[in-house]
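Presented below is the structure to which this report refers.
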Amino acid sequence: MKKLYVFCCITIIHFQVLTAQEISDQSTLTFDLSDITTVYIVNHHGEVQVEGSTSSTGRMSVDRTLQSSSVERLEALKDSIIIDTLQVGQKLYFFVRDKDLNFKIDPEGEPYYDRRWGWYEENKKDRIEVRHRFDLTVQLPPHIDLYAKTHRENLRVENMKGKVTAKNHQGSVTLTGLTSDVTAHTHHGDIALDFESHPQEKVDAATHHGDIRIEVQKGLSADVSMQSHHGELFTDQSYEIIPAIAMVEAKDDPSLKFKIKSGTNIRVGSGKIKMHLNTYHGNVYLSE
């Protein structure tokens, strides 16, 4: 695990509630990417903004806020809750080092946090000694593949030309200047994808409580499947209706093995790439 040496400017702020203590600071990290093909940025609470740059090295600006009901615990733990790094082969992971989150990587390389007390709200404030927020602004060479994730606040990626995976839960996902395949998921936010050129194979976008807006260049060729319980598909593309693109296991009906996947299925152009667009309470907009 690489150790990062950073300069921090620290201020302590006393809330109106006298038992609460907060520390806010800023730091900058620079890192070599000469042998890296994929960068993973795995935040938890805080915004993530990634920008493609002309530099061959990477740079991350970190705005950190730590809060605790105990000034003693805050002082004791402030140096252990940081943005850390881990390199696995040609993959470089940035993550929050915090004993309450317990960062892990599954056998497929997917990063996640295995929280020691689960996701329940009951007694959460008593169980977490220090609560944190990290707002991250990152500059990367645009050709690198990117995986960016946060659980709360917004996520934005600009001008990254490799494959992009962007995951969120309580915020929006906005990706612009795209030229390759995209996976974009959130639960409580909108998804906006702006393609500078056509993706190569697939676009997978899913949200539960938001709209999906996709802007493409002229000449798109795609098979588009869209599912929404309370929404519709709007497009300015010429298209034809096609049969359902996929079938799913009929788990809700024991008399059937498979059923046709519901939703709207259209073909734009020759249908070269696959676009899977899923929302529950929103609309899908596909336009030039």
Working carefully through the options 207, 235, 176, 165, find the one that is in contact (Cβ under 8 Å) with a residue 60 or more places away in the chain and hydroxyl-bearing (Ser, Thr, Tyr). 207
Any residue in the stretch 30-44 that is β-branched (Val, Ile, Thr) sitting within a Cβ distance under 7 Å of a residue that is surrounded by 18 or more Cβ atoms within 10 Å (Cβ to Cβ) and part of a loop (DSSP other than H, G, I, E, B)? List the pairs, counting only those 6 or more apart or interchain. 36/144; 37/144; 38/144; 39/144
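Identify, from the list 92, 101, 86, 74, the residue that is outside any loop (DSSP other than H, G, I, E, B), of a type outside the set (Lys, Arg), modelled with pLDDT under 95 and closer than 24 Å to residue 28 by Cβ.
Working: 92 fails: modelled with pLDDT under 95; 101 fails: outside any loop (DSSP other than H, G, I, E, B); 86 fails: modelled with pLDDT under 95.
From the options 92, 101, 86, 74, the qualifying one is 74.
In the stretch 164-220, what residues are closer than 21 Å to residue 283 by Cα, part of a loop (DSSP other than H, G, I, E, B) and among the hydroxyl-bearing types (Ser, Thr, Tyr)?
In the first step, residues of the stretch 164-220 are kept if they are closer than 21 Å to residue 283 by Cα; the result is 166-176, 182-195, 202-217, 220.
Remaining after also requiring part of a loop (DSSP other than H, G, I, E, B): 168-169, 171-172, 186-190, 207-211, 216-217, 220.
172, 186, 207 - these are the residues of the stretch 164-220 that are closer than 21 Å to residue 283 by Cα, part of a loop (DSSP other than H, G, I, E, B) and among the hydroxyl-bearing types (Ser, Thr, Tyr).
Restricting attention to the stretch 221-235, and to residues there that are in a loop (DSSP other than H, G, I, E, B) and at pLDDT below 95, which single residue is surrounded by the most Cβ atoms within 10 Å (Cβ to Cβ)? First the steps, then the outcome.
So in the stretch 221-235, the residues in a loop (DSSP other than H, G, I, E, B) come out as 221, 228-232.
Still in the list and also at pLDDT below 95: 228-232.
Numbers: 228: 21, 229: 12, 230: 9, 231: 17, 232: 11.
Once the filter is applied, the top-ranked residue is 228.
Yes/no per residue for (1) within 14 Å of the chain's Cα centre (by Cα); (2) small (Gly, Ala, Ser); (3) surrounded by fewer than 20 Cβ atoms within 10 Å (Cβ to Cβ):
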| site | (1), (2), (3) |
| --- | --- |
| 155 | yes, no, no |
| 168 | yes, no, no |
| 185 | yes, no, yes |
| 192 | yes, yes, no |
| 203 | no, no, no |
Name the single residue that is farthest from residue 115 (Cα to Cα) among those in the stretch 32-63 being part of a strand (DSSP E or B) and modelled with pLDDT under 95. 57
Looking at the stretch 144-163, which of its residues are part of a loop (DSSP other than H, G, I, E, B) and farther than 13 Å from residue 189 by Cβ? 144, 159, 160, 161, 162, 163
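The values are calculated or read from the model by the stated rules, or taken from the named source; none is laboratory data. Computed from a predicted structure; not experimentally measured. Here the Cβ is made from the backbone with ideal geometry for all residues, glycine too, and neighbour counts use every protein chain on show.
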